[in-house]
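The structure under discussion appears below in the form of structure tokens.
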Amino acid sequence: MIFLAVSGYANRLQMPDFVHTIRPNAEPMQTGRFEPTWDSLAQYETPEWFRDAKFGIWAHWGPQCEPEQGDWYARQMYFEGHRHYRWHVANYGHPSTFGFKDVIHEWKAENWNPEKLLRFYKEVGAQYFVALANHHDNFDLWDSTYQPWNSVAIGPQQNIIARWAEAARKNGLPFGVSVHASHASIWYETARGADRQGPLAGVPYDGNLTKEEGKGTWWEGLDPQDLYAQNQPRITDPLNLGDIHRHWNWTQTDNLPDLAYCEKFYNRTLDLLNKYKPDLIYFDDSVLPLYPFNDAGFKIAAHFYNSSMKWNNGELRAVMTNKILSPEQRKTQVWDIERGYSDRIEPVPWQTCTCLGSWHYERSIYENRRYKNAQIVIHMLADIVSKNGNLLLSVPLRGDGTLDSEEEKILNDIRDWMAINSEGIIATRPWKVFGEGPALKETGVLQGQGFNEGRGLPMSAKDVRYTVSKDGKTIYAIVMGRPETSELTLHVPNVVHQHADASVSLLGYSGNVRWRVADSGQLTILWPAAVGHRHVDTIACVFKLSGFEIEPTPGSAPDAIVLTAQESTLFGQGIRKEQRDGRVNLGYWDNRDDSAHWLLTIRQAGEYRFWGEFAALEPSELTLQINGRQVAFSVPSTGDWAATTLVQIGSIGFDRPGVYHIRLVPGQSAYRPVNLWRILCEKK
């Protein structure tokens, strides 16, 4: 194999110029292997437990579930005319007299049983569990040292995080926490407003209250500004509820939260980590919390990684997730995609977070049966795992801490599928190509944090996703439904050798599965009639391929680059384009001075393999040239001008994206005429 490197410049992350930094008198950062810099954090390696886990369940549960009206309630209840505002006024009263602080006071979590829930989640197939520690509503769900507005002091008067952690560890599940409070000041800006019309026009909402105004109330002694954080500069347009998204990355304003606000968030987060020693922390932030104007996110990362090694006898078990990460930043932590997915096998492990319904419980979703069903969840899981990712599924809990009947039914269906088929999911790795089928032709484009789920073609029994065992010896073909015919031909795997013990089996079925391999290497599986009807097969079925040596069919990767004869630019006297059996090929290539040219767009640096589809009556030699470099290769005789074969040309390395000139020329000595249909290029 020939390898050529095309030179360029490596990317290196630069540290931002901070507006202010965490002071030495804050919570002490654990020292150790990691420093709070990009270069040091780039030492990070995703722990094996997370790579093996693949499927987690998330309790995105807090006081905003009490009204059962859906996500971002505590923000939108303060926006006159919004459905949350109308519901709040009708059910609680006007937000000038009954604000979100009072909703927290109403929340009792009276039927919450974390031990029962975690037992059930483990039965469903979850391999890790994540609990909400605080949301944008700024309410801490543990005995917070730095936030008086917490679940031990107010509302349920229970240590929610401590009980979740105990139940998760009792069931042998790695435990994670999610932290969302870095945006509390900007998120709660609606709470400092007032109605613009009506009898209470101009009467301030309760987001403006101070500690002194609490005398004689249930919240006497508490400062509402510790919750609402409206002693910070205003950033968003008060008349535009969606303006917050323009400022989410803290780059479109000079009115940034002050140092005291940042230090409080930093101290609260270290307090959480130090007390409950989670395996995972999820941040609802772009790049890092409070990035790029404060260094809190860097120090939290270094503290968490170093602490994890201290807690685990030198083993790094920590997983930290953030959103909208560059390829280089993904080497420092785990990239999380919200309600979306990647369209390729990612080089480092990543995670999708999504929800059966709304992030916070919304009763209308239950009443109108609008949850994701088990088939949607399993299809997402298989697709994500085939691309080196994990799925973290939020299952909304009602305000009282229980699941509704629809959620239980969906989870039971997932449990039944996982009980039979989890071998093809848990502790697997992505194969060389993640899949095949019609759904690959239309995939949604990532938007911001993600948000592309449901935007492509839904998967069907014609779609297949591939995973492989950790030892690389067994391939799992996950078919997204029971095959529509009695024979299923897999187009991507190409069998190059089958051992004496080669076999195909259907997970959950003990009988024989018949199969055959064509001369081309294509594998066809015959559906066993004796299987009968299994509900789990209507969701997806998993075939286990053992004892085969399999390589991907060239050009089968979804991101393969195909340079066709039709697209080529030709130079020479004889070479020309011709039609043969409905396809265009290059022919009449008799002259050694003739050549074919293309422009190749490389979108990601790395090593790429090249093939060509040729026909020749006699063996021939050609040379592929790229930016002055060249790879010589041979084309065998195919015996007929219409009989084509795929020829492996070689490998070429590109260390930066760009547009490259490709030139295909005859060899200098042993050239004989050839026909060419296409050049294929795939990233290794």
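The values are calculated or read from the model by the stated rules, or taken from the named source; none is laboratory data. On a predicted model such as this, the values are computed, not experimentally measured, just so you know. As a convention, Cβ positions derive from the backbone with ideal geometry for all residues, glycine included, and neighbour counts pool all protein chains shown.
Miscellaneous remarks
- Among residues of the range 417-428 being crowded, with 17+ Cβ neighbours inside 10 Å and not polar (S, T, N, Q), the one that is farthest from the chain's Cα centre (by Cα) is Ile420.
- Listed by first and then second residue, the pairs linking a residue in the range 558-584 that is closer than 30 Å to Ser386 by Cα to a residue that is of a type in the set (Val, Ile, Thr), with Cβ atoms under 8 Å apart and 6 or more places separating them unless they lie on different chains, are Pro558/Val433; Ile561/Thr601; Val562/Ile679; Leu563/Ile662; Leu563/Ile679; Thr564/Val584.
- As a summary of the residue check, Ser546 satisfies the conditions (1) hydroxyl-bearing (Ser, Thr, Tyr); (2) in a strand (DSSP E or B); (3) under 23 Å from Lys683 (Cα atoms) except for the one numbered (3).
- Qualifying residue in the range 120-127 (condition: among the basic types (Lys, Arg), in contact (Cβ under 8 Å) with a residue 24 or more places away in the chain and in contact with a strand residue (DSSP E or B) (Cβ under 9 Å, 6 or more places away or on another chain)): yes
- Reported count of residues in the range 413-455, each being closer than 29 Å to Tyr121 by Cα and either without any contact (Cβ under 8 Å) to a residue 60 or more places away in the chain or assigned to a strand (DSSP E or B) (or both), is 9.
- Flag for Arg583 being within 17 Å of Trp677 (Cα to Cα), at pLDDT 95 or above and of a type in the set (Lys, Arg): no
- Output for the range 41-60, where each listed residue is free of Cβ contacts under 8 Å to residues at least 40 places away in the same chain and either within 19 Å of Thr428 (Cβ to Cβ) or not in a loop (DSSP other than H, G, I, E, B) (or both): Glu48
- Residues of the range 434-447 that turn out to be crowded, with 22+ Cβ neighbours inside 10 Å and β-branched (Val, Ile, Thr), as a count: 0
- Residue ID - nearest to Gly399 (Cα to Cα), chosen from residues in the range 109-123 that are over 25 Å from the mean Cα position of the chain (by Cα) and of a type in the set (D, E, K, R): Glu110
- Annotation note: of Leu239, Leu222, the sole residue that is closer than 23 Å to Gly93 by Cα, of a type in the set (A, V, I, L, M, F, W, C), assigned to a loop (DSSP other than H, G, I, E, B) and at pLDDT below 95 is Leu239.
- Note on the range 538-563: residues that are surrounded by fewer than 17 Cβ atoms within 10 Å (Cβ to Cβ) and of a type in the set (Ser, Thr, Tyr) total 2.
- Residue in the range 59-81 that is loosely packed, with under 14 Cβ neighbours inside 10 Å and either out of contact with any helix residue (DSSP H, G or I) (no Cβ under 6 Å at 6 or more places or on another chain) or on the phi < 0 side of the Ramachandran plot (or both) present: yes
- Number of the condition not met by Pro95 [criteria: (1) at pLDDT 95 or above; (2) more than 17 Å from Glu362 (Cβ to Cβ); (3) assigned to a strand (DSSP E or B)]: (3)
- Test: Arg603 is at pLDDT 95 or above and surrounded by fewer than 15 Cβ atoms within 10 Å (Cβ to Cβ): no
- Scan of the range 403-416 for residues that are of a type in the set (Lys, Arg) and either surrounded by 16 or more Cβ atoms within 10 Å (Cβ to Cβ) or under 19 Å from the mean Cα position of the chain (by Cα) (or both), ordered by number: Arg415
- Residue list for the range 596-652, restricted to those being within 14 Å of Ile662 (Cα to Cα) and either aliphatic (A, V, I, L, M) or touching a helix residue (DSSP H, G or I) at 6+ places or on another chain (Cβ under 6 Å) (or both): Ala596, Leu599, Leu600, Ile602, Leu622, Leu624, Ile626, Val631, Ala632, Ile649, Ile652
- Residue in the range 454-463 that is in contact with a His (Cβ under 7 Å, 6 or more places away or on another chain) and surrounded by 17 or more Cβ atoms within 10 Å (Cβ to Cβ) present: yes
- Leading residue by the ranking (nearest to the chain's Cα centre (by Cα)) among those in the range 464-498 that are part of a loop (DSSP other than H, G, I, E, B) and buried (at least 17 other Cβ atoms within 10 Å of the Cβ): Met480
- The listed residues are Ser286, Ser308, and the only one of them that is surrounded by 23 or more Cβ atoms within 10 Å (Cβ to Cβ) and of a type in the set (S, T, N, Q) turns out to be Ser308.
- Lys215 out of contact with any His (no Cβ under 9 Å at 6 or more places or on another chain), at pLDDT 95 or above and farther than 22 Å from Asp140 by Cβ: yes
- For the range 1-51, filtered to residues that are surrounded by fewer than 16 Cβ atoms within 10 Å (Cβ to Cβ), at pLDDT 95 or above and of a type in the set (D, E, K, R), the residue that is farthest from Ile378 (Cα to Cα) is Arg23.
- Pick from the range 503-533, criterion free of Cβ contacts under 8 Å to residues at least 60 places away in the same chain and either assigned to a helix (DSSP H, G or I) or in contact with a Cys (Cβ under 8 Å, 6 or more places away or on another chain) (or both), ranking: farthest from Asp343 (Cα to Cα): Ala530
- Within the range 350-378, being under 19 Å from Leu280 (Cβ atoms) and either of a type in the set (S, T, N, Q) or surrounded by fewer than 23 Cβ atoms within 10 Å (Cβ to Cβ) (or both) holds for Trp350, Gln351, Thr352, Thr354, Cys355.
- Matching residues, the range 242-255, being part of a loop (DSSP other than H, G, I, E, B) and either among the β-branched types (Val, Ile, Thr) or within 29 Å of the chain's Cα centre (by Cα) (or both): Trp248, Asn249, Trp250, Thr251, Gln252, Thr253
- Here Ala260 clears all of (1) small (Gly, Ala, Ser); (2) in contact (Cβ under 8 Å) with a residue 40 or more places away in the chain; (3) not in a loop (DSSP other than H, G, I, E, B) except the condition numbered (2).
- Test result for Leu646, part of a strand (DSSP E or B), closer than 24 Å to Gly435 by Cα and aliphatic (A, V, I, L, M): yes
- Condition broken by Leu397, with the remaining ones in (1) assigned to a loop (DSSP other than H, G, I, E, B); (2) without any contact (Cβ under 8 Å) to a residue 40 or more places away in the chain satisfied: (2)
- When Asp343 is tested against (1) surrounded by 22 or more Cβ atoms within 10 Å (Cβ to Cβ); (2) of a type in the set (Asp, Glu); (3) farther than 22 Å from Ile57 by Cα, exactly one condition is not met: (1).
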